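A short write-up of the structure that comes next.
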Amino acid sequence: MTQSMPVQKNGSKTENSLFRWWPFSAYARWRAGVEREQVEDALKHLLDVQWEGRSETSSGLKAALGLSDRQVLRLVERMAGQGLLRVGGSGGDAGSSLQLSVEGERWAMQVTRAHRLWERYLADEARMPLERIHKEAHRREHRLTTAQVEEMAAAMGFPRSDPHGDPIPDSYGQVPVLQGHPLTRWPVETPGRVVHIEDEPPLAYAQIQAEGIRLNQVLRLVESSPSRMVLTDGESEFRLAPVVAANILLQAVELAGRDAGVVPLWVLKKHQPAEIVELDPACQGFTRRRFLDLGLTPGTQIYPELLNAFGDPRAYRVRGTLIALRKDQADQVWVRPI
């Protein structure tokens, strides 16, 4: 008994040592994660401001991230010490101007790329409602390494834009210029394609979604006044307040292809053959890559072979193979009936 006591005592010391150090180690990892997320949120905000052609101050960063004076001061000092930004003024006070360094811009572009890829995945594959994907993508964007971001982009077929129409930076940090004009400045009776729907503020975005306006939809402005704007897609009418309509960007389009008899795959009748013309620009990510792997390429013949009594999905014959597509998927394949 007397010989066993020291063994128990030593074991107890080891356990106590682990107990003392484990919480500290876990806290240190948690703290490092919080600090990284805070830095990356600041980088993204500063990049957005830079894209808008504006300059930002410490007080503006404080308001954007919801920080206290002390927190924003420590954050600016930490980022400047890491070489991520340059500070003008008096050491990071409220009026100090903040400008991203080359390294800061590179890191900010990487986080933005991860965020928009996640939004693309959550919308196309996870089928998450659009009003929820921004928050979820923000939660996930901080967890990926550069290599994992590139693997994700490759697996999704290198999509060019997120579900809101924002361009996704490529691996070199190049960002396609978003060409479009706000609906509030769009000429009446001129058709335009929706190329971007701003998701901030959430209330305005929710109203646009409730109206049924979506990316790549072709709309025509039929009425414009200081109190309301009325649009149509040829079948339905949409009414928006100008302050909400300003969140929609349109781009000029040519409708000749559709006028020539090009229709969505879904409208074909049973055994009606058609030739695939193109995949809709909204079809991106894993979905686009899967369609191409299935042989849904321009010039290929396809026709509905089996109809579902419940309407969805339907079976289509393509290249000698039977495939099943939901309505929202078949609507992204444009065909010309033969």
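The values are calculated or read from the model by the stated rules, or taken from the named source; none is laboratory data. These figures come from a predicted structure and were not determined experimentally. Here Cβ is always computed from backbone atoms with ideal geometry, including for glycine, and neighbour counts include all displayed protein chains.
Does GLU77 satisfy the criteria of being in contact with a Phe, Trp or Tyr (Cβ under 7 Å, 6 or more places away or on another chain) and either under 18 Å from GLN38 (Cβ atoms) or outside the structural domain of ARG288 (by TED's automatic domain parsing) (or both)? It is false that GLU77 is in contact with a Phe, Trp or Tyr (Cβ under 7 Å, 6 or more places away or on another chain) and either under 18 Å from GLN38 (Cβ atoms) or outside the structural domain of ARG288 (by TED's automatic domain parsing) (or both).
For the stretch 286-338, taking the residues that are charged (D, E, K, R) and outside any helix (DSSP H, G or I), the one that is farthest from LYS269 (Cα to Cα) is identified as ARG319. Inspect the stretch 225-241 for any residue being touching a residue at least 60 places away in the same chain (Cβ under 8 Å), over 20 Å from the mean Cα position of the chain (by Cα) and crowded, with 16+ Cβ neighbours inside 10 Å and give the result as yes or no. No, the conditions are met nowhere in the stretch 225-241.
For the stretch 81-101, taking the residues that are buried (at least 18 other Cβ atoms within 10 Å of the Cβ) and modelled with pLDDT of 90 or more, the one that is nearest to VAL175 (Cα to Cα) is identified as LEU100.
If you go through the stretch 181-219 and keep only what is crowded, with 17+ Cβ neighbours inside 10 Å and of a type in the set (Lys, Arg), you end up with just ARG193.
Could you list all residues from the stretch 279-302 that are buried (at least 21 other Cβ atoms within 10 Å of the Cβ), over 15 Å from ARG317 (Cα atoms) and out of contact with any helix residue (DSSP H, G or I) (no Cβ under 7 Å at 6 or more places or on another chain)? Correct list: ARG288 only.
Of the helices (runs of 4 or more DSSP H) lying entirely inside the stretch 107-216, those carrying at least 1 residues that are among the polar types (S, T, N, Q) and over 16 Å from the mean Cα position of the chain (by Cα) are 146-155, 202-211. Pairing residues of the stretch 194-213 that are among the β-branched types (Val, Ile, Thr) with residues that are assigned to a loop (DSSP other than H, G, I, E, B) and surrounded by 14 or more Cβ atoms within 10 Å (Cβ to Cβ), at Cβ distances under 6 Å and at least 6 apart in sequence or on separate chains, gives VAL194/LEU215; VAL194/GLN217; VAL195/GLY165; VAL195/GLY180; ILE197/HIS164.
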